[in-house]
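Worksheet: one structure, shown below.
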Amino acid sequence: MTQLIFLVIKGCIVFFFCVGLAAMLIWGERKFAGFMQSRLGPTYAGPGGVLQTFGDLAKLLRKEDLTPDWVDKPVYKIAPYLLWVPAALSMSVIPFGPLDAKIFAWRTDLVIANFDAGVVLFLAMGSLAIYGIVFAGWASNSRWSLMGAIRSGAQMISYELPMGFALVGVMILAGSMNLVEIVDTQSGNFWNWYWLPQLVGFVIFFIASIAELNRTPFDLPEAEQELVAGFMTEYSGMRWGIFMFAEYVNMIVMSAIMATFFLGGWKAPFEAWNVVPGFVWLILKIMFFIFLYMWIRWTIPRYRYNQLMDLGWKVLMPLAFVNLVVTALVVVI
Amino acid sequence: MSAPSQDQAPPAFTVLRPTLEELRDRKARTRQPVRDDREVLTVSMGPHHPSMHGVFRAVVDFDGEVVVAVRPEVGNLHRGVEKLAESLTYHQIIPLTDRLHYVASFAQNHGFCEAVEKLIGLEVPARARFIRTIAHEMTRISNHLLWLGIHIMDFGAITFQQICFREREYMMDMFEMLCGARLTHSFCRIGGVAKDLPDGFAERMRGALDFLPTRISEYERLIDQNRIFLKRAKDIGIFTSEDCAAWRVTGPALRAAGVERDLRRNEPYAAYPEIEFEVAVEYEADVYARYRVRMREMQESIKIIRQCLDNMPDGPILAKDAAHVMPRKKDVMRSAAAMVQDFMQVFVGPQVPAGEVYRSVETPHGELGFHVVSDGSPKPQRLHIATPCFFHCQATTPMWEGEMLADVVGIFGSVDVCLGSCDR
């Protein structure tokens, strides 16, 4: 019984952590953009504009939930949630700390779901997220949305594969598909983590994750310069807000996965620093990747559609294969 | 348009220069062929498309990601400038020309005044010509900086636009010092310019000119080392010199196709004959070449302004011609003759002879021509403005066909179009 209560509490904490961090990231991204573009970003709402997201939220909630006549209503309405709920679910396999940790008087595992197919769950949920975009584009019955959805479908399929293969390298080294065990095998200082032996896989996964997140330079499904707003052209009010929000939730999830697989999860960079609780290190690592995403977004231009496909199939895919084969050979020998 | 000659003296790097045949071949290779079994998706790009330049509307047929057909549509910003001009005296038209292309408004003032001066046969004093040249080149720099930011944004990099605006601000401040206005200058006058250079202008200008080249080369480092931009901008939107001639595409787009045609050199006006400058020419005829031309033009503009400041002659800034020229305000308050002249110019207008004249100048975005028909009255009987943007808009059809959706806006931006100038 207590375990069930713990499960609910842990689930709530992780969920609200995701949502709260996403809200702060929206503000953070705008501040960061301001810093990059020599302007201030939001300043009025709260100190340094931290409450900006909540102001936006209130505004979006008050707006009319405009649903055009020509849309496929049920699909149109459910699409925004499909984009981020599956992604947020895969947070359940991320370990935030050691198993059987002592919290005040109780002992519990600092992970919601400790099971052997954690990687599979993440990959499956990642693939589900594409339904959100494709449904949104298709149900909108708008040409821009449709083009965005088609692009997104092609892009996700192309980049899901190198991403999966990049993870397989780590799985071979760890000998497990359980994320808790993958973190456990990355013991020691930061050069013992998998980013070093799996450097190629790490880079491939990072690039592919940008494509999965639809962020610059791979933000083709919503390319403003080409497709107005891509798959979310017809959305307005809070449904549009959820799309925007989903992007940040997905970013957190993807960063957490990357931290877990390649940067030792909740482990401190030096063993002596492990006195600091694990979740602090995990959050720091998540923030590091999110910083990289933001940095890239505000720096470089976008790829063209055919160049994106070239990069996915002709560069990342063969590299991921070679990486996999070499890793397997090294482990066997 | 006079046929631009192709056989200039070859520079040292002849090897790199593609011939017209090679360009034709490259153009055919980079454009996607139209498939027979195409499934066409027709979309209306603009005027509500967030990234379309101005209120341009193009009905585009896409086959997947490839443009099959383009039907450009202009006129959404039609304000009847040409008709309006028929009810205004020549002096009153000058502020109207500002509004044609509000990013390069001095160039429009200048073009109009050159046309009227040609009709009258008026000699502009040397100092006025030098001030005009400075203002024109300042316009070119600020226009190209704005263009650069927007152009990089067309390819998805948002931050760059803000950086370019920061440097453009220096030119805007210089304009503010020069004539009090930042955007619509109305600085040119028939027979001269409105004001003399203010005190301290030359020093401040030199300061800005020392600073700008470092910034421009910083941009070049940022852009030319960006592999994504190079991949995106090279070999798209190839528009050879014969295409340019057929569709009357002028300005940087023409020079990027290897044609050394620049009205500052070919039909000199203002102080350009007395100034040494290079005409920036590139030979690849693609979007990247147009970007290179503009970057080099900015460097040349800086040199031109420096030379003008160094060789600035003394003397009046307005021609002595009571029949056509608006006197300076400070003279009006002091001399009876000037007061009568001012009264006549304001209430009657300049006594322009009957005749017909066409004069074009090299504005930052292309050749801008004014065709003035006068029946001898102070108001033009007919004023036609041959703006480069109009021709650039019609050239979207051959420029976009066979290109990909992602590059459509980028290619359109690379010829630098302002719909205010196009629709008039």
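Only lysine pairs 8 or more places apart, or on different chains, with alpha-carbon atoms under 24 angstrom apart are counted in the range B:81-423, and they number 13. Test of understanding: extend the Cα→C-beta vector of residue B:102 to 7 Å, then name every residue of the range B:42-85 with backbone N under 19 Å from that spot. The answer is B:47-57, B:75-82, B:84-85, whose backbone nitrogens lie closer than 19 Å to the label point.
Close amide-amide hydrogen proximity is noted between residue B:283 and no other residue 5 or more places distant or on a separate chain, at a cut-off under 5 Å (H modeled in the peptide plane; Pro and chain starts excluded). Between the Cα long axis of helix A:118-140 and the first principal axis of chain A there is an angle of about 0°, rounded to the nearest 10. The distance between label points at residue B:20 and residue A:309 comes to 3.5 nm (points 7 Å beyond Cα on the Cα→Cβ vector). Just from its helices, what would the mean residue ellipticity at 222 nm be for chain A, if runs of 4 or more DSSP H residues each count -39500 (n - 2.57) and the sum is divided by every residue, rounded to the nearest 500 deg cm²/dmol? Taking each H run of at least 4 residues, the total per residue is -21500 deg cm²/dmol. Taking amide H positions as modeled 1.01 Å from N, with prolines and chain starts lacking one, the residues under 5 Å from residue A:46 and 5 or more places away or on another chain are A:51.
Spin-label model, residue B:303 to residue A:321: label points 7 Å out along the Cα-to-beta-carbon direction sit 5.3 nm apart. Electrostatic bookkeeping for residue B:335 treats Lys and Arg as +1 and Asp and Glu as -1; over the other residues with beta carbon under 14 Å from its beta carbon, the sum is +3.
For the range A:14-151, what does the alpha-carbon gyration tensor say about shape, rounded, prolate or oblate, given a ≥ b ≥ c as the root eigenvalues, a/c under 1.5 as rounded, and a/b over b/c as prolate? Please report the intermediate quantities before stating the final value.
Values: a/c = 2.22, a/b = 1.20, b/c = 1.84.
Verdict is oblate for the range A:14-151.
With an a/c value of 1.5 or above and a/b not larger than b/c for the gyration tensor axes a ≥ b ≥ c computed over the alpha-carbon atoms, the range B:152-284 is described as oblate. Which of rounded, prolate or oblate describes the range B:74-188 when judged by the alpha-carbon gyration tensor and an a/c cut-off of 1.5? Oblate, because a/c is 1.5 or more while a/b does not exceed b/c. Computed from phi, the 3J(HN,Hα) profile of the range A:4-12 under the Karplus parametrisation 6.51, -1.76, 1.60 (θ = phi - 60°) reads 5, 4, 4, 4, 5, 4, 5, x, 4 Hz, with x in place of Gly and Pro.
Return the FRET efficiency for the residue pair residue B:225, residue B:172: r is the Cβ-Cβ distance, R0 is 35 Å, and the value is rounded to the nearest 0.05.
Values: r = 28 Å, r/R0 = 0.81.
My answer for the efficiency is 0.75.
The calculated 222 nm mean residue ellipticity attributable to helices in chain B amounts to -14500 deg cm²/dmol, summing -39500 (n - 2.57) over DSSP H runs of n ≥ 4 and dividing by all residues. Hey, with R₀ at 45 Å, roughly what FRET efficiency would residue B:210 and residue A:58 work out to, going by the Cβ-Cβ distance, to 0.05? E(calc), rounded to 0.05, equals 0.35.
Solvent-free Debye calculation, one equal scatterer per alpha-carbon of chain A: log10 I(q)/I(0) at 0.08, 0.10 Å⁻¹ equals -0.39, -0.61. Counting only lysines at least 8 places from residue A:31 when in the same chain, those with an alpha carbon closer than 22 Å to its own are A:59, A:285. Amide H contacts under 5 Å for residue B:189: B:194, restricted to partners 5 or more places along the chain or on a different chain, H placed in the peptide plane at 1.01 Å from N.
Using the Cβ atoms and a cut-off under 12 Å, what net charge is assigned to the surroundings of residue A:108, where Lys and Arg are +1 and Asp and Glu are -1? Taking every other residue near residue A:108 into account, the sum is +1. For chain B, modelled as a GNM whose springs connect Cα atoms under 10 angstrom apart, the maximal fluctuation among B:297, B:39, B:176 occurs at B:39.
Where does the charge balance sit around residue A:191 when Lys and Arg score +1, Asp and Glu -1, over other residues with C-beta under 15 Å from its C-beta? For residues surrounding residue A:191, the net value is 0. With 10 Å bins beginning at zero, the pair-distance distribution over Cα atoms of the range A:130-227 amounts to 16, 36, 23, 18, 8, 0 %.
Working from label points 7 Å from Cα in the Cα-to-Cβ sense, the residue A:190 to residue B:242 distance is 6.1 nm.
Please arrange B:101, B:53, B:78 by how many other C-beta atoms lie within 10 Å of their C-beta, fewest to most.
Going from sparsest to densest Cβ surroundings: B:78, B:53, B:101.
Coordinate-derived values only; no laboratory data. Here the structure is a predicted model, which is why all the values come from computation and not from measurement. Every residue, glycine among them, receives a Cβ derived from its backbone with ideal geometry; neighbour counts consider all protein chains shown.
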